[in-house]
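The values are calculated or read from the model by the stated rules, or taken from the named source; none is laboratory data. Quantities reported herein were computed from a predicted structural model and do not represent experimental measurements. Reconstructed Cβ throughout: ideal geometry from the backbone, glycine too, with neighbour counts over all protein chains shown. Remember, those area values only see protein heavy atoms, side chains included, never the ligands or the DNA or RNA. Shrake-Rupley method; radii C 1.70, N 1.55, O 1.52, S 1.80 Å.
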Amino acid sequence: MDVHVLLVMVILAAALGSCPFSVWIGRWLLNKNIRDFGDGNPGAWNAFRAGGAKAGIPAVLLDAGKGFPVIAFAGAYFDMPEPGLYAIGISAILGHAFSPFLHFRGGKAVAVTYGVMLALPQREILAAMAVFMLLGFMIFSVHAWVTVIGVASTMIILGIRGIPATELLFLLAVLTIFVVKNFTDLKGYPGYRGKFFQLLQAIRH
């Protein structure tokens, strides 16, 4: 692994990740500050709240998309080994979560994390996390708990399967970022969706 190339890729990923596309879309398309809506998060979900699909869809695509290109380029052009790709991915997520454009108060980094995972060669991480988060949304009403439990469950299941330590370290880094970004919401109970348990009871009967 060329350390100099890796360093350049890490910096590029962090720079792209730090671009607050959801906030910019709110300004350009809606003439609104999306941080005035919902939980005040500068992410795609509040773009939906501020302007519906008109702002939300491009915000999701851009926030997810900025996690993809640097990893894909490093892997295809420089044949970057997997540990380097994971480092580049974490830098993109950190850039979004602690964007200097927003005085280091960036978004919660869910969309960009999925973009990163889509670019990584090991798609099992993406698949497992998507499944566990979907289940989480069906069960829990607090989104912070959904994201944290989704990553933690992915770590446990894939860890039992015996994935490499570098993948587990990557997931641990993602989990740490999610906990930090959702720390306030995690102080409360996860809450449960009553309809899910009503469905379970209906299935049993």
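Determine the share of the chain's accessible area contributed by carbon and sulfur atoms, expressed in whole percent, with a 1.4 angstrom probe.
In the chain, the share of accessible area belonging to carbon and sulfur is 69 percent.
Report, as a whole number in µm² per second, the diffusion coefficient that Stokes-Einstein gives for the stretch 82-136 at 20 °C and 1.002 mPa s using the Kirkwood radius over alpha carbon pairs.
Value of D from the Cα-based Kirkwood radius: 180 µm²/s.
What Kirkwood Rh does the stretch 5-125 have if only Cα atoms enter the pairwise 1/r average? Answer in Å.
Kirkwood radius, the stretch 5-125: 14.2 Å.
Work from the charge dipole of the chain (Cβ charges, +1 for Lys and Arg, -1 for Asp and Glu, about the Cα centre) and give the residue of THR113, LEU61, ILE125 farthest towards its positive end.
Ranked along the dipole, the leading option is LEU61.
Using amide H atoms built 1.01 Å from N in the peptide plane, name the residues 5+ places from LYS32, or on other chains, whose amide H lies under 5 Å from its own.
Amide H to amide H, under 5 Å and 5 or more residues apart or across chains, LYS32 pairs with ARG27.
Before I look further, what does the chain give for accessible area per residue, probe 1.4 Å, in whole square angstrom?
Counting only protein heavy atoms, the per-residue value for the chain is 52 Å².
Over the heavy atoms of ILE57, what accessible area does a 1.4 Å probe trace out, to the nearest 10 Å²?
90 Å²
Could you state, as a whole-number percent, how many of the C-alpha pairs of the stretch 122-183 are farther apart than 18 Å?
Counting every Cα pair in the stretch 122-183, those more than 18 Å apart make up 30 percent.
Just the Cα atoms of the chain, one point each, no solvent: what log10 I(q)/I(0) does Debye give at q = 0.11, 0.15 Å⁻¹?
-0.53, -0.95
Please list, in order along the stretch 168-178, the HN-Hα scalar couplings obtained from phi with the Karplus expression 6.51 cos²θ - 1.76 cosθ + 1.60 (θ = phi - 60°), rounded to whole Hz, x for Gly and Pro.
My calculation for the stretch 168-178 gives 5, 5, 4, 5, 5, 5, 4, 4, 4, 4, 4 Hz in order.
Looking at this model, which pairs from LYS66/LYS181; LYS32/LYS66; LYS32/LYS187 are more than 26 angstrom apart at the alpha-carbon?
LYS32/LYS187
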